[in-house]
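A.B. asks: Just passing along the structure, written as structure tokens.
Every number here is computed from the coordinates shown, using simple stated rules; none is lab data. These numbers come from a predicted model, not from an experiment. Heads up, the Cβs are rebuilt from the backbone with ideal geometry, glycines too, and the neighbour counts pull from every protein chain shown.
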Amino acid sequence: MLSPGVQLGNRYRLDERIASGGMGDVWRGTDQVLGRTVAVKSLLPALLDEPGFAERFRGEARTMATINHPGVVDVYDFGNDQHIAFLVMEYVEGDPLSATLSRVGRLTPARTMALVAQAADALHAAHVKGIVHRDVKPGNLLVRPNGTLVLTDFGIARSELVGQLTAAGSVLGTASYISPEQATGQVATPASDVYALGVVAYQCLAGRRPFEGDNPLDIAMRHVRETPRALPSDIPPQVCALVERAMAKDPKDRWPSAAVLAGAARQLKTALSRQARSGGAAPISAAPASPAPGRAQVPPPQPPRPPAAPHSPAAPRPPVAAPPAAPHAPVAGQRPVAARPPVAQPPRPTTVAPAVTGYPRGAATVPSAYAPQPTQSRPVPRRSRSGMVLLAIMLGALVVLCSGVISYKLRNSLSMPVEVSVQEVTSGALRPDGRDDPAATAYRRVDQPRPGGDETTTSEGRRTR
């Protein structure tokens with residue numbers, strides 16, 4: 001007989017019994033090698049004498065070790081000491097769902113859907129590995145203080161490793177949560193776990209099991225033949241439909257997989273939480289493709305409207321056109337363009353000229369008072385008045401300077417004397433008219449006046465033929 005203080009495998013010390021079941025007890029223990037708290041599940045000594053139970057218990061350890069999911073309890077070790085087979089698992093801080101239901105009676109639909117979604121995710125992880133739990137019930141669903149759920153106790157799980165150890169026609173599982181096919185001795189499938197989880201959801205919502213009886217066999221047959229009582233009237237119809245589909249007698253009429261059940265339960269939980277926050281009674285839909293309730297629809301596109309003045313969006317003013325008397329006045333949003341040097345512009349008037357009927361301008365209307373509005377866009381920067389005056393002065397000075405230089409050049413060119421080069425040729429022979437006869441003399445002399453004086457230069461040379 002196990003008691004606190006007993007060591008198993010010369011390593012695990014049993015501290016406190018925390019649960020008991022048909023196969024054995026669960027203890028809170030201490031791993032003296034690693035110094036951590038663990039859960040130790042022991043198999044009843046009387047069951048070890050029955051052929052197959054020890055192998056099934058060892059198969060539980062191997063089965064659970066292959067599942068890696070946060071919703072499935074981790075397995076650390078397996079051993080046999082003093083004719084006691086034990087399984088060392090992760091110790092989960094929390095209470096079984098059965099203890100919570102015994103304390104509060106019923107759970108809200110949103111809380112129930114949240115737990116069902118987590119349990120269905122854990123079952124799907126086991127089903128992917130080819131494992132059927134076959135004993136889903138509130139006692140095997142541990143709820144942590146933060147609300148997360150962990151699936152445990154795969155002691156009678158059916159897998160490829162231990163499936164051959166189950167005798168044909170034997171019934172395993174708790175009668176209150178057993179599926180109709182299990183009750184009639186058929187092979188358990190993933191749909192059997194979906195049915196059992198639907199019974200758990202029914203108990204959370206109604207505060208009672210769907211079927212009661214004098215003995216387990218009577219209860220099991222009720223699952224096969226009878227229809228459960230309707231859920232309380234305060235349960236939303238969509239939640240009732242989810243539970244009814246999970247508890248269908250024919251496995252083909254149930255949810256196709258635990259993953260699909262998890263998705264539907266999670267969507268209902270989200271819709272119920274949103275409805276509770278809004279305080280309304282918006283319709284709830286479990287169809288994944290349906291739009292979220294209460295969401296505003298996008299309105300159809302409207303034709304464009306003329307922009308309104310920033311200071312009065314409710315009553316847009318008519319567009320303002322430039323006065324005809326000032327064709328070169330700057331237009332709002334454009335820079336002035338002029339071929340002449342810019343001149344100083346008068347201050348901008350504080351009033352706006354009356355609108356001219358005709359083609360409407362595309363620019364926004366100008367407010368009556370020239371004051372920057374906080375919502376107006378930043379105006380295009382313009383030259384200041386002093387800058388324009390300075391530019392005009394510089395251009396005028398440049399014109400005066402250029403004209404002075406040009407006039408000075410013209411004046412000097414007109415006043416320069418024209419020097420005429422007079423050449424005077426002197427030779428030794430004269431013609432009858434008394435002039436020099438260069439052809440008859442052997443040399444010549446040329447007298448040239450120097451520029452700016454009365455002196456002359458003489459150039460003599462012999463004439464060559």
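A.B. asks: In nm, what is the difference between 0.36 nm times the number of residues separating Lys129 and Ser407 and their Cα-Cα distance?
C.D. replies: 89.3 nm
A.B. asks: Follow-up. Under a plain spin-label model, where a point goes 7 Å from the Cα along Cα-to-Cβ, how far apart in nm are Arg277 and Leu34?
C.D. replies: In this crude spin-label approximation the distance works out to 3.9 nm.
A.B. asks: For Val33, what is the net charge nearby, where nearby means another residue's Cβ is under 12 Å from its Cβ and Lys, Arg count +1, Asp, Glu -1?
C.D. replies: So the environment of Val33 carries a net charge of +1.
A.B. asks: If I model a spin label at Leu398 and Met221 as a point 7 Å from the Cα along the Cα→Cβ vector, what separation in nanometres do I get?
C.D. replies: 11.7 nm
A.B. asks: Working out 0.36 nm times the residue gap between Glu93 and Asn10, then minus their Cα-Cα distance, what length gain in nm do you get to one decimal?
C.D. replies: So the chain would gain 27.4 nm between Glu93 and Asn10.
A.B. asks: Right, another one. Taking amide hydrogens as modeled 1.01 Å from N in the peptide plane, which residues meet the under 5 Å criterion relative to Asp15, leaving out close sequence neighbours?
C.D. replies: HN-HN under 5 Å from Asp15: Gly5, Arg28, Gly29, Thr30.
A.B. asks: Can you tell me how segment 7-90 classifies by the Cα gyration tensor, rounded, prolate or oblate, using a/c under 1.5 as the rounded cut?
C.D. replies: Oblate.
A.B. asks: So if I take the centroid of the Cα atoms in segment 1-67 and the same for segment 235-249, what is the distance between those two points in Å?
C.D. replies: 37 Å
A.B. asks: Which lysines does Lys41 reach when only Cα atoms under 30 Å apart count, and residues fewer than 8 places away in its own chain are ignored?
C.D. replies: Lys129, Lys137
A.B. asks: I would also like to ask the following. Quick one: net charge around Gly139, please, counting Lys, Arg +1 and Asp, Glu -1 for every other residue with C-beta under 11 Å from its C-beta.
C.D. replies: Cβ neighbours under 11 Å give a net charge of -2.
A.B. asks: While we're here: Where the only charges are on Cβ atoms (+1 Lys, Arg; -1 Asp, Glu), what is the dipole of segment 95-278 about its Cα centre, to the nearest 20 debye?
C.D. replies: Computed about the Cα centre, the dipole is about 600 debye.
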